[in-house]
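Structure, as structure tokens:
The values are calculated or read from the model by the stated rules, or taken from the named source; none is laboratory data. The model shown is predicted, which means the values in this text are computed figures rather than measured ones. FYI the Cβ positions are ideal-geometry reconstructions off the backbone, even for glycines, and counts take in every protein chain you see.
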Amino acid sequence: MITLGANPLLRRGAMAAAGSAPPPTPSNSYSAGGTAYTLVYHFHTSDAVPLAADDGQKTCDQMLLAYAGLGFEAALVTPHDAVADIPGTVGILQIQGTEHTAQQGDPVVEKHVVGMFVAERIYPGAWPDIATLVPLIVAGGAFPVAAHSNYALVPIDNDDLDACDFLGVEVWNQQVENMYPGEGIADDRFSRMIDNALADHIVVGLAASDAHDTGAQIATVPWNVVFATALSAAAIETSIRAGNFYATQGTLITSIAITGNVVSMVLPAACTVEWIVTGNQVAATQTSTTAPSFMLMRPHRWVRARITNGAGLIAWTQPFYVT
């Protein structure tokens, strides 16, 4: 379980005291390294318990076999307010999660929060509001992620973000984008969450499939490249919590490094790289590059990269923080 406030690199007091100190050294969540594993995150099934809760059209086994057939190595299943059946599918690692429902307002509006790494519904009875739900998820040992926050039917707005200590956000949700173009991307929410969380904990961005069926719904699947010590649920969880991964629609990153206060990457093909800083501002853009870099200087408190390849596919790094 993550303990809020446990990351000494992110204390506001330390940053404020820095004043005219030497240039900052960015924190590097990728420094632990590890083997790169491909993780599909967020999908639904027809055989979760209770059966009436989830709205997937295929069994968990069928979904896992389909993702395994596409070459993915791990998959985190997220039935609505339910627990997935564990089929023991050969060829892909299954990790448990649940997409929890919050309800609030008059008229009532639903909001969805994924609890990664949990195998049970964590609250009894009526749906809580989102400010109640997120601490319950954390207390239950899970990792709360704001699901499809720009999806107009079930939005997680800035007031929700400001009221809750989310640990992650879906920076991209494929199925929402398929249904409602423009609502699947959440760079704005990602940046706001990073700004809100600076005093306490890191925030990560994930790419979500959100498929409810095979076939056309997995014709395009985003994934997360996780650097871990082993292909196991425990190792994947450790790396997700640490931010040792990146989210992608298909664009790849060869390596990430920090030298002094310069963040640099090596890319396998020329891309456009936008360096996003405090307030969701694009501080710099580099075009047609395979070796992008950014010098992190105050007053910026963090930077992250959005990388777009020639086909328009995007990858997102996790934020690098001023230490």
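Within the range 156-172, being crowded, with 18+ Cβ neighbours inside 10 Å and either of a type in the set (A, V, I, L, M, F, W, C) or out of contact with any strand residue (DSSP E or B) (no Cβ under 6 Å at 6 or more places or on another chain) (or both) holds for 156, 160, 161, 164, 165, 166, 167, 169, 171, 172. If you go through the range 295-323 and pick out every residue that is surrounded by 24 or more Cβ atoms within 10 Å (Cβ to Cβ), over 20 Å from residue 186 (Cβ atoms) and at pLDDT 95 or above, you end up with 0.
Inspect all residues belonging to the range 248-259 and state whether any of them is over 19 Å from the mean Cα position of the chain (by Cα), at pLDDT below 95, hydroxyl-bearing (Ser, Thr, Tyr) and more than 20 Å from residue 146 (Cβ to Cβ). Checked against the condition, which is being over 19 Å from the mean Cα position of the chain (by Cα), at pLDDT below 95, hydroxyl-bearing (Ser, Thr, Tyr) and more than 20 Å from residue 146 (Cβ to Cβ), the range 248-259 yields at least one hit. Can you find a residue that is among the polar types (S, T, N, Q) and in a strand (DSSP E or B) anywhere in the range 174-183? Checking the range 174-183: not a single residue is among the polar types (S, T, N, Q) and in a strand (DSSP E or B). Exactly one residue among 310, 243 is at positive phi and not basic (Lys, Arg), and that residue is 243.
Here is a check on your reading of the model: is residue 127 aromatic (Phe, Trp, Tyr) and in contact with a Ser or Thr (Cβ under 6 Å, 6 or more places away or on another chain)?
Details: aromatic (Phe, Trp, Tyr): yes; in contact with a Ser or Thr (Cβ under 6 Å, 6 or more places away or on another chain): yes.
Yes.
What are the pairs with Cβ atoms under 8 angstrom where one residue, in the range 227-252, is of a type in the set (A, V, I, L, M, F, W, C) and the other, located anywhere, is assigned to a helix (DSSP H, G or I)? Sequence gap at least six, or different chains. Here the result reads 227/239; 228/235; 228/236; 228/238; 228/239; 245/239, each pair linking the range 227-252 to a residue that is assigned to a helix (DSSP H, G or I).
Residues are listed down the side, and each one gets a yes or a no for (1) among the aliphatic types (A, V, I, L, M); (2) buried (at least 20 other Cβ atoms within 10 Å of the Cβ):
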| residue | (1), (2) |
| --- | --- |
| 78 | no, yes |
| 106 | no, no |
| 113 | yes, yes |
| 127 | no, no |
| 131 | yes, no |
| 147 | yes, yes |
| 152 | yes, no |
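Examine the range 173-190 for a residue that is among the basic types (Lys, Arg) and surrounded by fewer than 23 Cβ atoms within 10 Å (Cβ to Cβ), and state whether such a residue exists. Before the answer, list the steps.
So the first thing to find is which residues in the range 173-190 are among the basic types (Lys, Arg), and the list is 189.
Then keep just the ones that are surrounded by fewer than 23 Cβ atoms within 10 Å (Cβ to Cβ); that gives none.
No, that holds for no residue.
Of everything in the range 91-139, what is assigned to a loop (DSSP other than H, G, I, E, B), modelled with pLDDT of 90 or more and within 14 Å of residue 164 (Cα to Cα)? Give them in sequence order. Of everything in the range 91-139, just one residue is assigned to a loop (DSSP other than H, G, I, E, B), modelled with pLDDT of 90 or more and within 14 Å of residue 164 (Cα to Cα), namely 129.
Checked against (1) charged (D, E, K, R); (2) more than 27 Å from residue 132 (Cα to Cα); (3) modelled with pLDDT under 95, residue 177 passes all but a single condition, namely (3).
Looking at 188, 195, 213, 165 in this structure, which one is in a loop (DSSP other than H, G, I, E, B), farther than 22 Å from residue 117 by Cβ and acidic (Asp, Glu)?
Being in a loop (DSSP other than H, G, I, E, B), farther than 22 Å from residue 117 by Cβ and acidic (Asp, Glu) holds for just one of 188, 195, 213, 165, which is 213.
Of everything in the range 58-75 that's touching a residue at least 60 places away in the same chain (Cβ under 8 Å) and of a type outside the set (Phe, Trp, Tyr), which residue is surrounded by the fewest Cβ atoms within 10 Å (Cβ to Cβ)? Even if it seems obvious, please write down each step before you answer.
The first filter runs over the range 58-75 and keeps only residues touching a residue at least 60 places away in the same chain (Cβ under 8 Å), leaving 58, 62-63, 66-67, 70, 72-74.
Then drop every residue that is not of a type outside the set (Phe, Trp, Tyr), which leaves 58, 62-63, 66, 70, 73-74.
Values: 58: 22, 62: 18, 63: 32, 66: 22, 70: 13, 73: 19, 74: 25.
Step by step, filter the range 58-75, then rank; the result is 70.
Being surrounded by fewer than 16 Cβ atoms within 10 Å (Cβ to Cβ) and either small (Gly, Ala, Ser) or assigned to a loop (DSSP other than H, G, I, E, B) (or both) is the requirement here; does residue 239 meet it? Walk me through how you get there before you give the answer.
On the way: surrounded by fewer than 16 Cβ atoms within 10 Å (Cβ to Cβ): no; either small (Gly, Ala, Ser) or assigned to a loop (DSSP other than H, G, I, E, B) (or both): yes.
So residue 239 does not fit the description; no.
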